[in-house]
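*Asks:* Below you'll find the structure I mean.
The values are calculated or read from the model by the stated rules, or taken from the named source; none is laboratory data. On a predicted model such as this, the values are computed, not experimentally measured, just so you know. Backbone-built Cβ (ideal geometry, glycine too); neighbour counts: all protein chains shown. Please note that ligands, DNA and RNA were not included when accessible areas were found on the heavy atoms of the full protein model with its side chains. Shrake-Rupley method; radii C 1.70, N 1.55, O 1.52, S 1.80 Å.
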Amino acid sequence: TNKFHTNTLYKLFVPSLEEEPFIHVDHDLFINDGEIFDRIKTDVFFSFHETPFEDGKTHFFYGFYLEALNKVREVVSEEVSVNSTKDIAYNCSIFGCDDNSLKKSFTDTKQFFIRNFDKLVNINKIDCFLEQYLQINYLTNDRISTFDDIIAKNGKILNIDIWGKVNNKELNTLKKVFLEQPIIHISGDRYSTYYRRLIPDLLKVYDKKIYNKILKNYKSNIL
């Protein structure tokens with residue numbers, strides 16, 4: 001898990017097997033607006049843009065796309081083509097389509113990965129590179145929507161230390177603000193002390209069955 005996260009491979013393999021329109025949603029993305037999909041007017045959608053550049057400089061995190069690209073080109077003999085600006089990637093916490101565009105782009109990416117597996121497997125963050133950067137370059141459909149204008153892109157929606165000891169008053173405020181977001185991607189903050197309380201609290205209301213499973217297996221971490 002230090003370099004290659006095999007648990008993300010399903011994002012290459014499953015979309016390539018889809019035979020009908022589909023929507024994929026990660027477990028760290030939450031939708032509170034029941035009419036969210038009415039905003040989609042194109043054939044393909046993703047959650048939000050990611051760019052390797054920021055204010056003319058390499059982005060402090062997303063710059064890994066370019067680092068991985070350079071490594072891939074060093075070890076792979078076949079040509080690796082990317083968009084002319086190298087500036088397009090889409091976060092895949094949610095994505096879907098109503099045609100075969102993503103089936104083809106993920107299939108081509110998967111086949112590239114299989115062909116060059118031994119050369120690629122040790123490249124840092126190669127899984128995210130394939131899924132969110134290279135895959136876009138196999139995508140021929142240019143009718144793409146994102147939720148950039150409304151999505152909260154991380155869990156820090158309030159000025160509190162979400163990794164600190166939970167204060168119930170702040171937790172209730174966080175819950176209120178959280179539920180006001182139409183769509184929110186909490187990413188790594190899902191491991192924080194506050195979200196480890198907030199998410200089960202919401203599940204207790206909306207899905208008691210899953211809540212009871214979590215409570216049974218991870219009681220010491222939740223309480």
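*Asks:* Which of the lysines could a cross-linker bridge to Lys103, judged by Cα under 29 Å and excluding same-chain residues fewer than eight apart?
*Replies:* The reachable lysines, counting only those whose Cα sits under 29 Å from Lys103, are Lys3, Lys11, Lys41, Lys71, Lys86, Lys119, Lys125, Lys153.
*Asks:* Can you give the angle from 0 to 90° between the axis of helix 193-206 and the longest principal axis of the chain, with both taken from C-alpha atoms, to the nearest 10?
*Replies:* Approximately 80 degrees, to the nearest ten.
*Asks:* Among Leu66, Leu158, Leu29, determine the one that fluctuates most according to a GNM of the chain built with springs between C-alpha atoms less than 10 Å apart.
*Replies:* Answer for the Gaussian network model of the chain: Leu158.
*Asks:* If I compute solvent accessible area with a 1.4 Å probe over the protein chains, what percent of it on region 9-166 is carbon and sulfur?
*Replies:* Working: 4170 of 8480 Å².
Carbon and sulfur atoms account for 49 percent of the accessible area of region 9-166.
*Asks:* Apply 1/(1 + (r/R0)^6) to the Cβ-Cβ distance of Asn32 and Asp99, taking R0 = 30 Å, and write down the FRET efficiency to the nearest 0.05.
*Replies:* Numbers: r = 28 Å, r/R0 = 0.93.
Efficiency for this residue pair is about 0.60.
*Asks:* Calculate how many DSSP beta bridges within the chain are antiparallel, expressed in % of all such bridges and rounded to the nearest 5. Display every interim value, and only then the final one.
*Replies:* On the way: 15 of 19 bridges.
Taking every DSSP beta bridge within the chain, about 80 percent pair in antiparallel fashion.
*Asks:* Where does each of 136-149, 90-103 land if you order them by average Cβ count within 10 Å, highest first? Mind showing how you got there, number by number?
*Replies:* On the way: 136-149: 15.3, 90-103: 20.5.
Descending packing order for the listed peptides: 90-103, 136-149.
*Asks:* So if each residue of separation counts as 0.36 nm, and I subtract the Cα-Cα distance between Lys209 and Leu179, what length gain in nm does that give? Walk me through the numbers before you get to the answer.
*Replies:* Details: separation 30, 0.36 × 30 = 10.80 nm, distance 2.07 nm.
Stretched out fully, the Lys209 to Leu179 stretch lengthens by 8.7 nm.
*Asks:* Please give, to one decimal in nm, the separation of the simple spin-label points placed at Leu202 and Asn141, each 7 Å out from Cα toward the Cβ.
*Replies:* For Leu202 paired with Asn141, the spin-label model returns 2.7 nm.
*Asks:* Stick to the Cα atoms of the chain, pair each with every other, and give me the Kirkwood hydrodynamic radius in Å at one decimal. All intermediate terms of the calculation are to be shown ahead of the outcome.
*Replies:* On the way: mean 1/r = 0.0521 Å⁻¹.
Roughly 19.2 Å, rounded to one decimal.
*Asks:* Obtain the nm distance between the two label points defined at Arg73 and Lys169 by a simple spin-label model: each point lies 7 Å from its Cα along the Cα-to-C-beta direction.
*Replies:* 5.6 nm
*Asks:* Something else: Using label points projected 7 Å from each Cα along Cα→Cβ, tell me how many nm separate Lys156 and Leu9, to one decimal.
*Replies:* Taking the simple label geometry, Lys156 and Leu9 are separated by 3.4 nm.
*Asks:* Compute the long axis of helix 208-222 from its Cα atoms, compare it with the longest principal axis of the Cα atoms of the chain, and write down the angle in degrees, 0 to 90, nearest 10.
*Replies:* Long axis of 208-222 versus the principal axis of the chain: about 90 degrees.
*Asks:* A follow-up question, please. Measure nothing but the geometry: give the 0 to 90° angle between the long axis through the Cα atoms of 168-180 and the longest principal axis through the Cα atoms of the chain, rounded to 10°.
*Replies:* Roughly 50 degrees between the two axes.
*Asks:* What GluC sites (Glu not before Pro) does region 30-99 have in DSSP loop regions with at most 12 other beta carbons within 10 Å? Spell out each step's value before the answer.
*Replies:* Numbers: sites: Glu35, Glu50, Glu54, Glu67, Glu74, Glu78, Glu79; in loops: Glu35, Glu78, Glu79.
Answer in residue order: Glu35, Glu78, Glu79.
*Asks:* Now, a different point. Cross-link partners among lysines for Lys204, C-alpha distance below 21 Å, same-chain residues fewer than 8 apart left out?
*Replies:* Lys169, Lys175, Lys176, Lys213, Lys216, Lys219
*Asks:* Now for a different question. Rounded to the nearest 0.05, what FRET efficiency do Phe22 and Phe53 have when you use their Cβ-Cβ distance and R0 = 30 Å? Walk me through the intermediate numbers first.
*Replies:* Working: r = 31 Å, r/R0 = 1.04.
For R0 = 30 Å, the calculated efficiency reads 0.45.
*Asks:* Can you work out the accessible area per residue across region 64-183, with the rest of the protein chains kept in place, probe 1.4 Å, in square angstrom? Please list the in-between numbers first.
*Replies:* Values: 6080 Å² over 120 residues.
Each residue of region 64-183 exposes 51 Å² on average to a 1.4 Å probe.
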